[in-house]
Every structure is written in structure tokens, then in C-alpha cells.
Amino acid sequence: MKYVAKKPEDGINVSDTHPLVEAGTLVVGLSLIFLLIVVVLVFLVEIALYFVPVEKEVALFEDWLPEDLVTVAPNDERLNRTQQLVDRLASHWGDAPYDFRVEIDDSSIANAVALPGGLIIVTTGLLDEVESENELAFVLGHELGHFRNRDHLRALGRGVVLSLFIVATTGRDVSNISVNVADLALRGFSRKQEAAADEFGLELVYTNYGHVDEAWRLFERWDDADDSLLDVVSYLSTHPQPDDRVANLERLADEQGWPTSGDISPLRW
Ligand SMILES: [Zn+2]
């Protein structure tokens with residue numbers, strides 16, 4: 001018997017669905033996939049951080065320093081005083097999992113940054129600006145607040161956090177993670193993260209001195225200063241605007257009943 005191929009019916013390649021409906025389904029489908037990818041990417045950092053506990057972070061970054069840091073001499077008076085102040089503030093953070101390490105970046109641009117492993121970098125520009133120990137204590141306390149919430153790792157960016165995750169889970173060398181202070185100075189935190197860090201910082205200051213007098217005096221001065229000066233203060237590009245901040249800190253002190261006057265500790269350098 002001879003096989004005779006049957007001709008396909010006409011219109012076999014044409015769907016019954018209206019082309020516009022098909023196009024719509026495609027667009028909606030692709031948008032959902034895209035949205036899912038974005039959500040996964042956002043959570044990836046949280047997931048990576050979950051797998052990098054603080055102890056591991058500390059062990060990995062024990063001796064690590066950013067590439068572009070210009071350090072001062074180890075016996076620098078201001079370095080030692082700032083380290084002592086950080087240690088004193090951190091002693092009020094009951095179970096602080098970090099051994100905080102201070103380095104001074106010899107830069108005229110005022111800034112303070114929290115970095116992996118408990119490293120706090122302050123610039124000579126910032127140390128030139130503060131006029132009392134109380135002012136400096138609040139800036140440092142605020143950075144300690146970023147450590148407590150692990151904001152400092154989120155600020156590194158997705159790429160670095162994911163390579164940190166790979167290093168932590170495979171035990172590879174941390175030296176191939178390159179981070180520049182200059183890059184970090186461009187990355188800010190959300191208002192919520194900043195407010196939480198401020199709250200923790202002010203609490204440490206209150207616990208240490210028994211009052212919060214002069215804690216935010218630096219920001220009041222910056223707020224009064226003219227704009228030409230503010231342009232060079234990179235601290236302000238990554239932290240809340242001084243006027244908002246002062247109002248929030250005043251409200252917080254009022255709510256908590258923390259005295260706003262007390263003995264001011266002079267800088268001891
Ligand atoms: Zn901050």
C-alpha cells in the first residue's frame with residue numbers, strides 16, 4: 001500500500017487567539033520575569049550576608065585596608081585618641097562582635113566610613129572640623145550604628161558582597177576583593193538606615209557622658225556655613241542634611257529624656 005501524505009489544513013500556523021492578546025500575554029509574562037529577577041537580585045545581598053556571619057567577616061578582614069588609603073603614623077596622637085574613644089563607646093555596646101580598628105585617612109575632605117571587619121576610617125579633614133570630644137563621639141557612635149545593622153556591607157555594593165560570599169564559603173583569599181574609600185564615599189545609605197545609626201550613636205553618647213550636649217554641634221555649624229564650604233564636605237553626600245538631622249536628634253533626645261546640657265569633654269590633642 002502506498003502512503004499518501006495528507007496535506008495539512010490551511011491556517012495550521014495561525015493561532016485562534018487574537019494577535020493583540022498574544023502580544024499582551026508576552027509583555028506581561030516578560031515583565032513578571034524581569035520583576036522576579038530584580039527581587040532576587042535585591043535579596044541576594046541579604047542572603048549572602050546571612051551566609052557571612054560577623055565572626056567570618058572579622059576573620060577575613062582582620063588586616064585588610066582599602067587600596068587608596070593614605071594612613072598616618074601608627075603613633076599619631078589623634079589616631080590613638082580616636083581609637084580610645086571608639087573603644088570606650090563600643091564598651092557600652094554590650095555584645096559587640098567586632099574589635100573596632102580606627103585608621104585615619106590623610107585627606108582634607110571631612111568624612112567617616114564604616115568598613116568590613118570593624119574598620120572605621122576618619123579623615124584628617126573631619127578631625128580638623130570637630131571642636132570637642134562629644135562631637136567626635138557622636139560621629140563615631142553613628143558609624144558603630146552602621147556596624148550593628150551591617151549597613152557597611154550592604155554599602156559595598158552587590159558585586160563586592162557576592163564575591164565576599166564566595167570568598168567566605170570557599171575559603172579563598174580576601175585580597176582579591178578590591179574596595180576604594182573613594183568609591184564608598186559616593187554610596188549613601190537610606191534615610192531609615194541613617195536614622196537607625198543616629199539613634200544608636202546618640203544612645204552610646206548618652207551612656208558614655210550621661211548627656212548629649214554638643215553631640216550634634218558639628219552639624220549645626222555645617223548648617224550655618226555657606227554653601228561653598230559644604231561643597232567640600234563629602235560626609236554630607238552620604239549622610240542626612242544637617243538641618244533635618246539636628247531636628248531629628250533634638251526630638252529623639254527629648255523623647256528619651258536624655259539631658260541636652262552637661263560637661264563638655266575637650267579634645268585631648
Ligand atoms: Zn551614616
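The values are calculated or read from the model by the stated rules, or taken from the named source; none is laboratory data. All values reported here derive from a predicted model rather than from experimental measurement. Don't worry about glycine lacking a Cβ; one is built from the backbone with ideal geometry, like all the others, and counts go over all protein chains shown. What goes into the accessible areas is simple: the full protein's heavy atoms, side chains included, and nothing from ligands, DNA or RNA. Shrake-Rupley method; radii C 1.70, N 1.55, O 1.52, S 1.80 Å.
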message: Here is a list: Ile109, Ile121. Which entry is open to solvent by less than 20 Å² (accessible area, probe 1.4 Å), outside any helix (DSSP H, G or I) and touching a residue at least 12 places away in the same chain (Cβ under 8 Å)?
response: Ile121
task: State all residues of segment 64-77 that are more than 24 Å from the chain's Cα centre (by Cα) and of a type in the set (D, E, K, R); if no residue qualifies, say none.
output: Asp76, Glu77
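Tell me the residue from Arg172, Arg191 that is at pLDDT below 95 and more than 15 Å from the ligand (Cβ to nearest atom), please.
That would be Arg172, the only listed residue that is at pLDDT below 95 and more than 15 Å from the ligand (Cβ to nearest atom).
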task: Residue by residue through segment 233-261, note down the ones that are open to solvent by 50 Å² or more (accessible area, probe 1.4 Å), among the hydroxyl-bearing types (Ser, Thr, Tyr) and part of a helix (DSSP H, G or I).
output: Ser237
query: Of the residues Leu218, Leu230, Leu202, which single one is at pLDDT 85 or above, under 15 Å from Ala110 (Cβ atoms) and aliphatic (A, V, I, L, M)?
result: Leu218
message: Among the residues that make up segment 145-165, is at least one of them at pLDDT 95 or above, more than 19 Å from Asp63 (Cα to Cα) and not in a loop (DSSP other than H, G, I, E, B)?
response: yes
